[in-house]
Amino acid sequence: MRTPYLAGNWKMHKTVSESVEFAQELVRTLSSSRSKLMVAPAFLSLPAVAAVLQGSKILLGAQNMAPEVEGAHTGEVSVRMLTDVGVNVVILGHSERRHSYLESDELVNRKVRLALEYGLEVILCVGETIEEREQGRVEEVVGAQLREGLDQVDARQLDRLTIAYEPVWAIGTGKTATPEDADAVHAYVRTVIGAMYSPDAAQRLSIQYGGSVKPTNVKELMAMENIDGALVGGASLAIESFAPIALFDA
Ligand code: PGA
């Protein structure tokens with residue numbers, strides 16, 4: 001049995017004080033959850049939110065990370081800075097990073113390897129654009145993102161890896177993939193991981209769906225065989241929408 005894993009990506013929302021207040025509300029509200037939970041505030045809020053989440057069951061995530069350990073990289077945040085303030089998880093290869101900041105699979109792979117080497121958990125995001133879907137290239141695109149993103153990642157590191165399937169056309173648009181369409185891609189992700197590593201590794205892998213997940217669609221998504229969790233953007237920003245998602249099986 002794979003443990004359900006619900007994560008909130010706050011993106012570039014909430015000041016430090018707003019993040020602290022919201023994190024306190026989440027700790028109070030979600031203590032009864034049986035799922036694995038994570039929230040990813042903006043970099044600047046990480047130390048303050050870490051203090052709030054300490055001792056709770058909510059993990060702390062970062063939304064990105066530099067591909068180098070240290071050096072002359074103006075504006076970047078390193079893996080050691082993240083682990084030092086208590087970050088547990090890092091989201092890598094998010095479609096906004098890939099498309100707005102032109103992050104390549106090769107760059108994402110360097111970040112993935114560094115994060116795993118330094119003991120972080122990783123959520124590696126993959127997903128196709130609407131053009132790629134219409135051209136029938138979903139498996140080609142997602143397969144390449146997985147193979148290149150996980151290049152040289154050792155089988156022993158896979159227990160700290162989660163894949164998030166986020167079709168680009170469903171992120172922040174209100175359009176959700178149907179549970180059946182999403183499950184088909186999740187099953188394909190498992191096939192790729194099975195071929196790269198082992199059938200056992202594929203079965204154990206946690207695969208989140210992301211893209212307009214809401215309280216109204218979380219249950220039907222989570223009911224699918226290959227959907228193990230959700231990476232939530234917009235609906236993770238308010239208690240009214242994130243609590244019913246995090247407590248979907250309550
Ligand atoms: P959304 O974002 O839930 O607002 O569609 C999902 C994501 O970008 O992870």
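General observations
- Looking across region 161-206, just one residue is without any contact (Cβ under 8 Å) to a residue 12 or more places away in the chain, of a type in the set (Asp, Glu) and within 16 Å of the ligand (Cβ to nearest atom), and that is Asp181.
- Considering region 210-243, the residues that are buried (at least 20 other Cβ atoms within 10 Å of the Cβ) and among the hydroxyl-bearing types (Ser, Thr, Tyr) include one that is nearest to the ligand (Cβ to nearest atom), namely Ser212.
- Pair list, Cβ under 8 Å, 6 or more apart: region 44-62 residue under 21 Å from Ser78 (Cα atoms), other residue of a type in the set (Lys, Arg): Ser45/Lys14; Leu59/Lys36
- Within region 24-50, the set of residues being at pLDDT 95 or above, more than 16 Å from Met81 (Cβ to Cβ) and not hydroxyl-bearing (Ser, Thr, Tyr) comprises Gln24, Glu25, Leu26, Val27, Arg28, Leu30, Lys36, Leu37, Met38, Val39.
So that you can scan it fast, the table gives a plain yes or no per residue for (1) modelled with pLDDT under 95; (2) in contact with a Leu (Cβ under 9 Å, 6 or more places away or on another chain); (3) more than 23 Å from Pro4 (Cα to Cα):
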{"site": "Leu124", "(1), (2), (3)": "no, yes, no"}
{"site": "Glu134", "(1), (2), (3)": "yes, no, yes"}
{"site": "Glu140", "(1), (2), (3)": "no, no, yes"}
{"site": "Asp154", "(1), (2), (3)": "no, yes, yes"}
{"site": "Leu158", "(1), (2), (3)": "no, yes, no"}
{"site": "Ala184", "(1), (2), (3)": "no, no, no"}
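- Residue pairs whose Cβ atoms lie under 7 Å apart, sitting 6 or more positions apart in sequence or on different chains, and linking a residue in region 76-95 that is on the phi > 0 side of the Ramachandran plot to a partner that is at pLDDT below 95 and not in a loop (DSSP other than H, G, I, E, B), do not occur here.
- Boolean, Leu124 is more than 16 Å from the ligand (Cβ to nearest atom) and buried (at least 17 other Cβ atoms within 10 Å of the Cβ): no
- Residue pairs whose Cβ atoms lie under 8 Å apart, separated by 6 or more positions or on different chains, with the first residue in region 97-108 and free of Cβ contacts under 8 Å to residues at least 24 places away in the same chain and the second among the polar types (S, T, N, Q) and part of a helix (DSSP H, G or I), do not occur.
- Of all residues in region 191-206, at least one satisfies being of a type in the set (S, T, N, Q), surrounded by fewer than 23 Cβ atoms within 10 Å (Cβ to Cβ) and not in a helix (DSSP H, G or I).
- Checklist (1) part of a helix (DSSP H, G or I); (2) under 13 Å from Ala230 (Cβ atoms) applied to Trp169, failing item: (2)
- Tyr188, sole failed condition from (1) part of a helix (DSSP H, G or I); (2) within 20 Å of Val39 (Cα to Cα): (2)
- For region 1-55, the set of residues classified as polar (S, T, N, Q) and surrounded by fewer than 17 Cβ atoms within 10 Å (Cβ to Cβ) consists of Thr3, Thr15, Ser17, Gln24, Thr29, Ser31, Ser32, Gln54, listed by residue number.
- Restricting the search to strands (runs of 3 or more DSSP E) fully inside region 48-162 and requiring at least 3 residues that are β-branched (Val, Ile, Thr) gives 89-92, 121-126.
- Taking the criterion of being in contact (Cβ under 8 Å) with a residue 40 or more places away in the chain and among the polar types (S, T, N, Q), the residues of region 1-43 that qualify are Thr3, Asn9, Thr29, Ser32, Ser33, Ser35.
- Qualifying positions in region 10-47 - within 22 Å of Gly229 (Cα to Cα), over 19 Å from the mean Cα position of the chain (by Cα) and not in a loop (DSSP other than H, G, I, E, B): Phe22, Glu25, Val27, Arg28, Thr29
The values are calculated or read from the model by the stated rules, or taken from the named source; none is laboratory data. Please read these numbers as outputs of a predicted model, since none were measured by experiment. As a convention, Cβ positions derive from the backbone with ideal geometry for all residues, glycine included, and neighbour counts pool all protein chains shown.
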